[in-house]
Amino acid sequence: MDEVTTRSAARPAASGVEDTLKQKTRDAGAATDAAPQLQETDGFHLVIDALRLNGIDTIFGLPGIPITDFTRKAQAAGMRVISFRHEQSAGYAASIAGYMTQKPGVCLTVSAPGFLNGLTALANATTNCFPMILISGSSEREVVDLQQGDYEEMDQLAIAKSLCKSAFRVLHAEDIGVGIARAIRAAVSGRPGGVYLDLPAKLFPQAIDADVGKRSLIKVVDPAPRQIPAPDAVQRAIGLIKTAKRPLIILGKGAAYAQADADIRALVEKTGIPYVPMSMAKGLLPDTHAQSAAAARSYVLPEADVVMLIGARLNWLLSHGKGKTWGGKSAKDWGGQKFIQIDISPQEADSNVRIDAPVVGDIGSCVSAMLAAIGANWPKPPADWLDAIAERKNKNIGKMAEALAKNPTPMNFHSALNVVRDIIRANPDAILVNEGANALDFTRSIVDMYKPRKRLDVGTWGVMGIGMGFSVAAAVVSGEQVIAVEGDSAFGFSGMEVETICRYNLPVCVVIMNNNGVYRGDEVNPTSGPDPSPLVFVKDARYEKLMEAFGGVGVRATTPAELRDALEGAVRSRKPTLINAVIDEGAGTESGRITSLNPTARKK
Ligand code: ADP
Ligand code: TZD
Ligand code: MG
């Protein structure tokens, strides 16, 4: 994109200054009319031009004062503007677009309440290391700062600062180029994260000479520079792996994000080390890979002696690297593993337990350095370790197959998800979005993924509400079929976005695992009073009619056969579809797989 979007000034050109400007504009080759006009640009156009100059061609947002005209002008300039029903969904969409593309996803909101609605997604993006820029219009600075009660008054910059990686405000049109460049660099360099960019209402109509404007824009060179690991750090890691009798690799979503798929696969295969993928790293290598130890996770974590983390943090999702999960005697005890951690953040090592070999750098560079160091004839791990894993794995896969083969009435999570498993196997390019508790945990363990970055879920926070935003972005960014497996509670957080899915006619099929409630639907009010339990919803809710209301396809499925028909139909037609899969309301467990995190009263 070379051209700066210009607007003709309304004023008649008369003065000497303006003549000079006209001449400049002509020199810049922008004005070719016989009757030359003064060429100006403004804040609206400069923001659009700065984004496009940096290859950002899509905006996720929700219009209103002061950004309404911005959304129009962005669309007129050829950007894709995806307009949502709630800013939180737009924000989640932007964040996952960032994860999928390594370019910051942009979310655009109005001031105060719109900004706050988008802020949850920005904080979530930062927590998950997804690159995203939240751009919010803001009210008059001088009124806000004196707290004089402006329309949607709020000191947004101050509030955003503590919740994201960086926050900037641009006051003058000629600084827009710098502002966008700083936002892009902050979002994607180093550990990716969320960036807030505050654009006051007054900035948008500020006019400046088009040529000056054009020259103020910055095309960011090498926005996420490679970070080559120190050779001695690589050698230390290799040395540690050499001592291992029971080595293990854990792949996290940082590894999926890095798009170093071939090298990661080569490292796993050349070393022969068994690996466990974290949730969003499923499919980085196909889940059916012989070295996947996912089905023996509870055996390999406590038994491993050297563990190499690639783009995965030792946070709660890995029980902080200690305690019983890792073979420790009690909840806080170290299990005795030595850890290698490949991560771009130099501060990540030792966050929970000692890291004996930190390798700091971008995963692409680190993995290729490791590959070079191990050479061609790396010995496979000891056979007794691999055999012991295979034994557990096969036993668990056998047990799972038995559970999947059953066909109970009503359907349970297994019989329903067995269908989704088949559909993903037949359509490995489809993107699976997943949220809920039981609906999440069962899907993660039952549905195999075959390709990288195809599984998008609740991430580090286990946040509900990402479903429809992620689905919209996944479809917009990739053009692929999206299948969103949603708990009925989880779906409720962003359900209105089915209208967005219909409006943009996206190939999204939402499958609601409808068990009438949060975790299960059979709880009752212990007082026998008229209010239902806080954990249950209207029984036999007809969610499919929501999709029909906006012209999509709605199906109520009570058997695996009906579910299969409906899912196959959705994939064939690519029409917006919502399948209300009716699940046994007693089939789930509280909090799914993380029951242990629930505080319980001592007093019964
Ligand atoms: P998971 O939840 O899958 O375990 P986490 O979100 O906890 O994954 O960890 C992802 C890690 O990956 C973060 O510590 C982050 O710094 C790191 N990371 C992200 N992108 C890169 C990259 N390109 N190179 C190296 N590390 C990265
Ligand atoms: N609010 C937000 C934003 N995130 C959350 N994680 C929660 C609340 C708490 N929560 C969970 O952790 S899972 C869940 C909630 C409300 C919903 C579980 O019910 P579901 O799934 O219907 O989505 P299952 O299949 O019934 O377990
Ligand atoms: Mg439920």
Counting heavy atoms of the protein chains only and a 1.4 Å probe, report the per residue accessible area for region 32-145 as a whole number of Å². 28 Å²
With 5 Å bins from 0: P(r) over region 234-280, alpha-carbon pairs, percent: 5, 18, 26, 28, 17, 6
Ranked packing of 209-222, 57-70, 107-120, 585-598, most packed first, by mean Cβ within 10 Å: 107-120, 57-70, 209-222, 585-598
FRET efficiency (Asp350, Trp316; Cβ distance; R0 22 Å; to 0.05) is 0.85
Rg/Rh of region 498-604 (Cα atoms, Kirkwood Rh), to two decimals, equals 1.09
At 1.4 Å probe size, what's the solvent-accessible area of Val188? Round to the nearest 10 Å². 10 Å²
Kindly provide the chymotrypsin sites (Phe, Trp or Tyr not before Pro) of region 147-224 that DSSP labels as loop, not H, G, I, E or B, and whose Cβ sees at most 13 other Cβ atoms within 10 Å. Tyr151
The chain: antiparallel DSSP beta bridges as a percent of all, rounded to 5: 10 percent
Linear extension gain, Ala383 paired with Thr288, 0.36 nm per residue minus alpha-carbon span: 32.2 nm
Note the angle between two axes, namely the Cα long axis of helix 383-405 and the longest principal axis of the Cα atoms of the chain, as a number of degrees from 0 to 90, rounded to the nearest 10. 80 degrees
Order these peptides, 269-282, 335-348, 130-143, 547-560, by their mean beta-carbon neighbour count within 10 angstrom, highest first. 130-143, 269-282, 335-348, 547-560
Is there a quick way to get the dipole size of region 306-434? I mean about its Cα centre, with the Cβ of Lys and Arg at +1 and of Asp and Glu at -1; what is the value in debye to the nearest 20? 520 debye
In whole percent, the fraction of accessible protein surface over region 373-512 that belongs to carbon or sulfur atoms, probe radius 1.4 Å, stands at 53 percent
Beyond a 28 Å Cα-Cα separation, which of these cross-linked pairs lie in this structure: Lys103/Lys214; Lys165/Lys219; Lys103/Lys161; Lys103/Lys324? Lys103/Lys324
Between the Cα axis of helix 560-573 and the main Cα principal axis of the chain, the angle (0 to 90°, nearest 10) is 30 degrees
Pull out the extension gain between Asp531 and Ala373, defined as 0.36 nm times the separation in residues minus the alpha carbon to alpha carbon distance; nm, one decimal. 50.4 nm
Can you pull the percent of region 564-604's accessible area that's carbon plus sulfur, 1.4 Å probe, other chains left in place? 50 percent
Using a 1.4 Å probe over the heavy atoms of the protein chains, calculate the carbon and sulfur portion of the accessible area of region 80-169 as a whole percent. 50 percent
Work out how much length Ser573 to Val524 would gain on full extension: take 0.36 nm times their residue separation and subtract the Cα-Cα distance, in nm to one decimal. 13.5 nm
In what sequence, largest accessible area first, do Trp334, Trp378 appear using a 1.4 Å probe? Trp334, Trp378
Just how much of Arg520 is accessible, in Å², when a 1.4 Å probe is used and the result is rounded to the nearest 10? 70 Å²
With every protein chain left in place, what is the accessible area of Leu171 in Å² (1.4 Å probe, nearest 10)? 90 Å²
Could you tell me how many degrees, from 0 to 90 and to the nearest 10, lie between the Cα long axis of helix 16-27 and the main elongation axis, the longest principal axis, of the Cα atoms of the chain? 50 degrees
Estimated inter-spin distance, Val212 and Met496, nm [label 7 Å along Cα→Cβ]: 4.3 nm
Would you mind giving the three semi-axes, in whole Å and largest first, of the ellipsoid equivalent to region 317-393 according to its Cα gyration tensor? 25, 22, 9
Answer with one residue from Cys509, Ala437, Ile579: the one whose Cα lies farthest towards the positive end of the charge dipole of the chain, charges on Cβ with Lys, Arg +1 and Asp, Glu -1. Ala437
Quickly work out the Lys242-to-Arg191 label distance, labels modelled 7 Å from Cα along the C-beta direction, and quote it in nm with one decimal. 3.1 nm
Summing -39500 (n - 2.57) over every DSSP H run of at least 4 residues in the chain and dividing by its residue count gives a helix-only mean residue ellipticity at 222 nm, to the nearest 500 deg cm²/dmol, of -11500 deg cm²/dmol
Mind putting a number on the dipole of region 104-260 about its Cα centre? Charges go on the C-beta only, +1 for Lys and Arg and -1 for Asp and Glu, and I need it in Debye to the nearest 20. 1440 debye
Simple spin-label estimate for Ile397/Asn598, 7 Å along Cα→Cβ, in nm, reads 3.3 nm
Accessible area per residue, Å², region 351-413 with all protein chains present, probe 1.4 Å: 54 Å²
The chain: Cα Rg divided by the 2.2 N^0.38 Å rule of thumb: 1.06
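The values are calculated or read from the model by the stated rules, or taken from the named source; none is laboratory data. As the structure is a computational prediction, the values presented were derived from the model and not from experiment. Positions of Cβ are backbone-derived with ideal geometry, glycine not excepted, and every protein chain shown enters the neighbour counts. Side chains are part of the model used for accessible areas, which takes the heavy atoms of the whole protein and leaves out ligands, DNA and RNA. Shrake-Rupley method; radii C 1.70, N 1.55, O 1.52, S 1.80 Å.
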